[in-house]
Amino acid sequence: MSQMATRQWMTTHEWMVKPMHQREWIERRGIMIWIAETFTSLGAGLYLVSLFINSWWGLLIGWLIIMFLKLPIHIAYFGKPWRFYRTMPPFSNAWKTSWFARGILFSVFFGTFGFIQLVFGQPDFVNLIGNSIANPIYYTFGVLAGFSAMGVGIYGGFIMNYVKGIPFWNQGLLPVVIMLAGVADGFGLIMGVGLAGGDASVAWAEAGSRYLLLINILLIVTYLISAGYTSAVAKLSIQELLKGPSAFMFWVGLIFLGLVVPAVISAVSLFSGGEASSVLLIIAIAAHTLGAFALKYCILKVGIYRPLFPRVAAY
Amino acid sequence: MTEKKIIKTTCKSCHGGCGVLVEVTDGVITHIEGNPDSTTNGTMCAKGLSSIQHIDNPYRITHPYKRAGEKGEGKWKQISWEEALDTIAAKIKEASEKYGPWTVATSQGTGRGYNRYTHRFSRSMGSANVISPGYICHSPRIGLYGLITGYGRLYCDYHGWGGVFPKTQISWAKQLEISSADSEMCYWYMKSLDYCKNLIVIDPRATAYTSRATLWLQPRPGTDAALALGMINTIIQEGLWDKEFVENWTYGFEELKKRAEEYPVEKVEEITWVPKEKIIQAARLFAVDTPGCIQIGSSLERQANCGQTLRAIIDLMGICGNIERPGSMVSWVLPETGLIEDVFNEIPLTDEMRSHIYGGDKFKMGAARTCNPDTIIREFNKGEIPIRVWISVGGQQIVHMASTKQVVEGLKKVDFMVQVDQFWGPMAEISDIVLPAAHWLEMDDIYDMHPRFMIEAHNKCVDPPGEAQSDAWIFNEIGRRVSPKYWFKDVETLLDYELRKAPVSWKQFSEKIISGCFGPDQVYYKYKTDYWRKGGGFPTPTGKMELYSTVLENLGYDPLPFFEEPGESPYSTPELAKEYPLVLTTGFRSPFYFLAQYRNIPWLRSFMEYPTMQINPETAKKLGIEDGDFVWIESPRGKIIQKARLFPGIDPRVVAATANWFYPEAPAQGFRGVFISNPNVLTDNNHQDPMYGSPDLTCLLCKVYKCQPEELKDPQYADIFTKEHGGRPWAW
Amino acid sequence: MRWGMVINLVKCTRCHACVAACRIEHFLPLGMNWPRLIAWETDVPGQELTTVPVRCNQCKEAPCVEVCPAEATKKREDGIVYVDNDICVGCRYCVVVCPYQNRTFFSRDKDPGYFPGYQRTRFEKAGRKLFPHVAGTTEKCDFCMERIDAGMAKGLVPGKDREATPACVNTCQARALTFGDLDDPESEISVLIKEKNGFQLHPEYGTEPSVYYIDGKIGNAPSNIAPREAQTAAHMQHLSTMEERARQIFGKK
């Protein structure tokens, strides 16, 4: 990464005069935000989908992704990682206003509730204490963990949505896009759980994935079109995605790998009447996951600020 | 125990004069800010504030050095002060005896408080060959004011001491707002603008004030004389001149009128590219809304028509009666005790000294007290050796003189060169002995630059690095060895001597007074009283303000102003203009650099990393240049690289290049990158002003084309352009 | 009481002194910019060259205060928004959320010293004790609140007395910056905003910045104002002491 990006030059003729990219969350150590955000989506999505079809293995993997991939990477990104406790009550009451603090709270709730749910859903443990005790706890905490997982999955969208200076992010649809993309990723991953011999039905997951993919394609198109209307700077962001420096990530990563490949594979399986072969499925899952990374990269990378003096600069 | 004290001193980061408070905690400077109890009321600019980065700057020269390799090789051997001074003294004596004292030259950069030492030093040795950039900066102005009004220290009275502020201000090729240069203080100027009715800015490129002024005239560089004459003509044709003043107190109005008639606005529009409506409007504003004043910038003095341009502008002031009136141009009243700077010219110039001034026979105005530097370079290139020993302080002659390559070739032939400097620059690299100089935070001295309304003290705040010494000390020490008669036992005695006409000693002055301002005692309308002449009048041969200069007539020059095309222009050299179609002007000011200084101060370099040339987006588009590209600027003499800034505020036919640029971070070989980006590589030293010898530095022809990325990889300058920030981790 | 600043875009000359003054005042590490100048040129007549000094806008509805998960960015009663560097966790949400981009994250690798590869200067070393910067946290302009607090404790008025006024305001040679109380309708800045139609940057964000800008042209002063009346009494006093001192050197005229 160039030193230019890291060091704050007194670039009088560019800085906030020309539309300027958001850098803190994508360049240099900001890559960690990208990765952590992707894992957030994957983990929360997988957990929610697993809850829906009641797959213990899915729940476990989703929980592990959030707790051991998303959170540590996120905290490691902090300038002062050991102060992370300061973001939580009783040290801070920021959750009242800050989606960031809320997100951390969601994660903490999710970690706790999810853990209890997982323990009370673990077959050996259930056998030990009996269904009658385990089940109510399992379902109660399942609901709690489910809501927390939704919070975890969607808060990133609200965080970005809140940034008024970046018109491309400042769209009401953003949290929905992020949430639904997460769920779609969950469907992708759950197929993997099924394939690996876990307690999930691949066929069902494929069916769900098919609809969500369609919805997501529609959603992303709608998002790009509607964002394009809101401001000239958002249009710039879209141009960067479609034919600018982020075009490769957008077309190859997000559109081709993340949407087209899984959709084609699921269509193949639909018309061939039954399940696609495992090789195709593995390709679909891998493509889906790469697509999840590409989506987050695209969103973070094209965060462009409105210049400071719109009167002259025509933005 | 922390010991904290506040030291009051005076900034000298440009020509200086701003009062400074320096907080010193346990011998370390921990804070700098303006002194509210000074003429500048506690304000300071980025240059002055960044002085803090001169302290402990690892690139400072800390000890005397002797050259140990070839010139420009960068090999040095540390020597003691004793050895350095004795060697210098011996060399001067040797050259003096063998070839005559006039072969010993003293050179300086722009006046930074050492003027009085360089001139005294040179004269004490019996040489008048002082090499100073005066001929392209300030001294033509002073000289011609003196010629026409009889007194040289004519300043804009924007201080309001006479009861009014100027109603109309013309800022002619000047950006006083970003430099307190030439002893005008930007603080006062900007304050006066609050009460100004019309601000007219005359500048070929947009500046902070052009876009906010009442009127902006954008002339072709080098045509200011025509513009001034056009304005004079308009004023006379419309009968707007100050009849009372012109009739009673000026000489030669009819002749001037006749001359001005040769410059009708239509013709002037053609010459200057300024729409005639604007010329007429500017002339009317200046003539009607009086009092008014004209700030003249030194860019006008870097043209081969400099003398006549200034003459025309001064005549313009004269016919509008904007002389000696409160709020117009006022000559400063000398204090009863005379000038502190008398130390400068106390030792008289003998006829013998005068007769050996280089260029003295040709440039009768400019080379009367100092030599014409370009003449010396030409002599060298003819194979003569006009200068045997060259003592240089502060200045970078290599950088500021026309035709850099010739200057370097010439200077290589000097037998013995000494450079007194703070940092390694081109002049240090070509020298035989380099002496470490102290910064203004590290020295005791008197601030009396281009003496006018104020006198201030530089008080030492911290010790200089290593063995560095103040200019006063260095000149006194060399002086003591060469001509002990005129020099003193130590610096304090010298400073006491400078203050001999005042009832205080240096010690008392530095402790008690520090900053004093004499302005409010101005006398206006001096010509109406017996001040200059019994019964009133100006101290000129005719006793009047000489619109028609009898002195110039006697010297063999045209007594009336006229316009002459620059040596190179689309009109004077149309053939050349086919190959080099753009007019190049150089030397505009950056608010965070002072001339060749401060490229090695990280805080200041962070504001502008590479020399930047301004080009109109229209022209740039035709040439395929984008904002931020490196481009070649080429003239018949050579080519340089600068970074392009697309700038709508400049005429499509003109480009402006940042001047005085060398790279302190570049290796000594190649003289610290002086040939890479310095526009003087492009200038010519043959076409000179007949009065002052000023070459065409601000108006020449060039072509511009994009610098290909592989060209930047040339090993000569690859480090500067291709490495991350030129391999200067500090320059950001 | 809400401290605010009015920046006169007519007077600003792009000299960067405010930036340098801040660097000295706060011992800013190289590359850290609290105030900045942004500059552009256009071909619109009258706007050939524009410079906008920017610094933290100390918004009334500051997004940075709202989003800070650790409540490290706080808003004081007098409207100053500041970062408590002992609490800040360094998540950079405030850096991203600020629509004016006036916050900088300070990481250790941004601080190789003024002259990397060489010893730190004594000024830098002293600065680490006098004004420590905490690596891994976010920084921004705080209207020199330490100056304001110390000055007000002495009974001085920010915006009028130097000691209680931000360093950039003090050093501006063009006098383009004015500091004062926005809540006081009589204060110099309130009058300026009202008379000259002061505007804020991006008011549509609803952040209510405390930094206002005024624009226009030089010249057209109504009539010739007698300079002695135009000066403040304090300035006149100051001038006459200077005269007196000068006479000790120059003597009477």
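Details
- Picking from residues in segment A:79-88 that are over 13 Å from C:C68 (Cα atoms) and in a loop (DSSP other than H, G, I, E, B), the one that is farthest from the other protein chains (Cβ to nearest Cβ) is A:K80.
- Here A:N170, A:N161 are screened, and the one residue that is closer than 27 Å to A:L257 by Cβ, buried (at least 17 other Cβ atoms within 10 Å of the Cβ) and within 14 Å of another protein chain (Cβ to nearest Cβ) is A:N161.
- One residue stands out among those in segment B:274-290 that are in contact (Cβ under 8 Å) with a residue 60 or more places away in the chain and in contact with an Asp or Glu (Cβ under 8 Å, 6 or more places away or on another chain): the one that is farthest from B:T223 (Cα to Cα), which is B:T290.
- The number of residues in segment C:28-42 that are of a type outside the set (S, T, Y) and within 8 Å of chain A (Cβ to nearest Cβ) comes to 8.
- Scanning segment C:105-137 for residues that are touching a Lys or Arg at 6+ places or on another chain (Cβ under 7 Å) and part of a strand (DSSP E or B) yields a count of 2.
Conditions tested, residue by residue: (1) farther than 20 Å from A:F309 by Cα; (2) free of Cβ contacts under 8 Å to residues at least 40 places away in the same chain; (3) acidic (D, E).
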site	(1), (2), (3)
C:R2	yes, no, no
C:T13	no, no, no
C:C22	yes, no, no
C:R36	no, no, no
C:A39	no, yes, no
C:P45	no, yes, no
C:L49	no, yes, no
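- Whichever residue in segment C:60-82 is away from every other protein chain (no Cβ under 11 Å) and in contact (Cβ under 8 Å) with a residue 60 or more places away in the chain and, among such residues, is farthest from the chain's Cα centre (by Cα): C:E77
- Any hit, segment C:156-174, residues being buried (at least 24 other Cβ atoms within 10 Å of the Cβ), more than 12 Å from chain A (Cβ to nearest Cβ), polar (S, T, N, Q) and in contact with a Cys (Cβ under 7 Å, 6 or more places away or on another chain): yes
- Test: residue in segment B:366-381 that is among the aromatic types (F, W, Y), in contact (Cβ under 8 Å) with a residue 60 or more places away in the chain and in a helix (DSSP H, G or I): no
- Sole exception among (1) out of contact with any strand residue (DSSP E or B) (no Cβ under 7 Å at 6 or more places or on another chain); (2) within 13 Å of chain C (Cβ to nearest Cβ); (3) surrounded by fewer than 19 Cβ atoms within 10 Å (Cβ to Cβ) for A:L69, by number: (2)
- Among the helices (runs of 4 or more DSSP H) confined to segment A:235-315, the ones with at least 3 residues that are modelled with pLDDT of 85 or more and over 19 Å from A:G186 (Cα atoms) are located at A:278-301.
- Of all the numbered requirements in (1) under 30 Å from B:L21 (Cα atoms); (2) in contact with a helix residue (DSSP H, G or I) (Cβ under 8 Å, 6 or more places away or on another chain); (3) surrounded by fewer than 23 Cβ atoms within 10 Å (Cβ to Cβ), B:Q406 misses one, and that requirement is (1).
- Filtered residues of segment B:613-642 (kept if surrounded by fewer than 22 Cβ atoms within 10 Å (Cβ to Cβ) and part of a helix (DSSP H, G or I)): B:P617, B:E618, B:T619, B:K621, B:K622, B:L623
- Restricting segment B:589-642 to residues that are among the small types (G, A, S) and touching a residue at least 40 places away in the same chain (Cβ under 8 Å), the residue that is farthest from the other protein chains (Cβ to nearest Cβ): B:G638
- Of the helices (runs of 4 or more DSSP H) contained entirely in segment B:404-497, not one carries at least 2 residues that are within 14 Å of chain C (Cβ to nearest Cβ).
- Residue pairs meeting the criteria (Cβ under 7 Å; at least 6 apart or on separate chains; first under 27 Å from A:F39 (Cβ atoms), in segment A:130-158; second surrounded by 20 or more Cβ atoms within 10 Å (Cβ to Cβ) and of a type in the set (S, T, Y)): A:A149/A:Y47; A:V152/A:T40; A:V152/A:S107; A:G153/A:T40; A:G153/A:S41; A:G156/A:T40
- Any hit, segment B:140-149, residues being facing chain C (nearest Cβ under 9 Å) and in contact (Cβ under 8 Å) with a residue 40 or more places away in the chain: no
- Listed conditions (1) more than 9 Å from chain A (Cβ to nearest Cβ); (2) closer than 30 Å to A:Y77 by Cβ are all met by C:I24, apart from (2).
- Note on segment A:22-40: residues that are modelled with pLDDT under 85 and more than 10 Å from chain C (Cβ to nearest Cβ) total 1.
- Helices (runs of 4 or more DSSP H) lying entirely in segment B:230-319 (those with 2 or more residues that are touching a strand residue (DSSP E or B) at 6+ places or on another chain (Cβ under 6 Å)): B:276-288, B:306-319
- Near pairs, Cβ below 7 angstrom, 6+ apart or cross-chain, from segment A:284-301 (farther than 19 Å from A:G153 by Cβ) to any residue that is among the hydroxyl-bearing types (S, T, Y) and outside any helix (DSSP H, G or I): A:K301/A:S246
- Single match in B:G307, B:G252 (criterion: at positive phi and in contact (Cβ under 8 Å) with a residue 60 or more places away in the chain): B:G252
- Test: residue in segment B:57-77 that is at the interface with another protein chain (Cβ under 10 Å from one of its Cβ atoms) and crowded, with 20+ Cβ neighbours inside 10 Å: yes
The values are calculated or read from the model by the stated rules, or taken from the named source; none is laboratory data. As the structure is a computational prediction, the values presented were derived from the model and not from experiment. Here Cβ is always computed from backbone atoms with ideal geometry, including for glycine, and neighbour counts include all displayed protein chains.
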